[in-house]
Amino acid sequence: MEQHTKEILENGEALGLEFEQAILKLNALAKSDDFNWSKSLEKVRTCPMVCGNQIAPNTHLEHCGNLLKPLCVKMRADMMQCQEWLEVLRPKVDNGDNTGTDVQTTLHDMAVVGESFAVAFFEFIISLAVDRANQIVLLGGRRRFPRLLPKTGPKWPKDREILEERVRNLDEDRFMNMISGVETMHYRYLKMHLFVSKNYEMITKPKSENIADMLM
């Protein structure tokens, strides 16, 4: 157990570099053409809805999602690692005295929020194709997708233009959410990195008289 505790501490010390790399990578991604609203909106809006007899995904959103999924996985792992690091650093509390641990608690709360966001954003990304397919099935009507569409619903080509615009609006909404997600991930990493940099001593040594208890 002592060896495992030391590994957690070492991994926690390395988080500074991990955060810096994530910040730079997400910043570059947010500024790239792939996530630029004005430069990529036309790609998002003009993706075909059907390819042959198959429902087609939005290729640009799919491309952006493939860029983001590994970053979400990495962010969740970083946030969990930060929480474990803080648990090891948390000093022994006697008689309800937790003086000096407020900074640790604040950072821990940031990590919990970051982990939850990474998981939720990942789930959002993998649901993109399904949400679009469901909307296109409604667009196609029973005549085109008889096995997929419920008995009730719009018929092809009735209300076609309205439904096509609905799919395009859905794609635009998802693209905006992706742009917002990249910026949020960048912000959460940056906020935590700056907080740790400014409060490192208080985080690693909140109560000097209890430092010996941290590895127990």
Using the Cα gyration tensor of region 1-131, the equivalent ellipsoid's semi-axes, largest first and to the nearest Å, work out to 41, 15, 13
Return an integer: the convex hull volume of the alpha-carbon atoms of region 1-76, in Å³ per residue.
99 Å³
Taking a 23 Å limit on the Cα-Cα distance, which of the listed pairs LYS74/LYS191; LYS39/LYS74; LYS43/LYS74; LYS43/LYS69; LYS31/LYS74; LYS69/LYS191 fall beyond it?
LYS39/LYS74; LYS43/LYS74
So, taking all protein chains as they sit and a 1.4 Å probe, how much accessible area belongs to MET202, in Å² rounded to tens?
100 Å²
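The values are calculated or read from the model by the stated rules, or taken from the named source; none is laboratory data. Remember, predicted model here, so these are calculated numbers, not experimental data. With ligands, DNA and RNA removed, areas are computed over all heavy atoms of the protein, side chains included. Shrake-Rupley method; radii C 1.70, N 1.55, O 1.52, S 1.80 Å.
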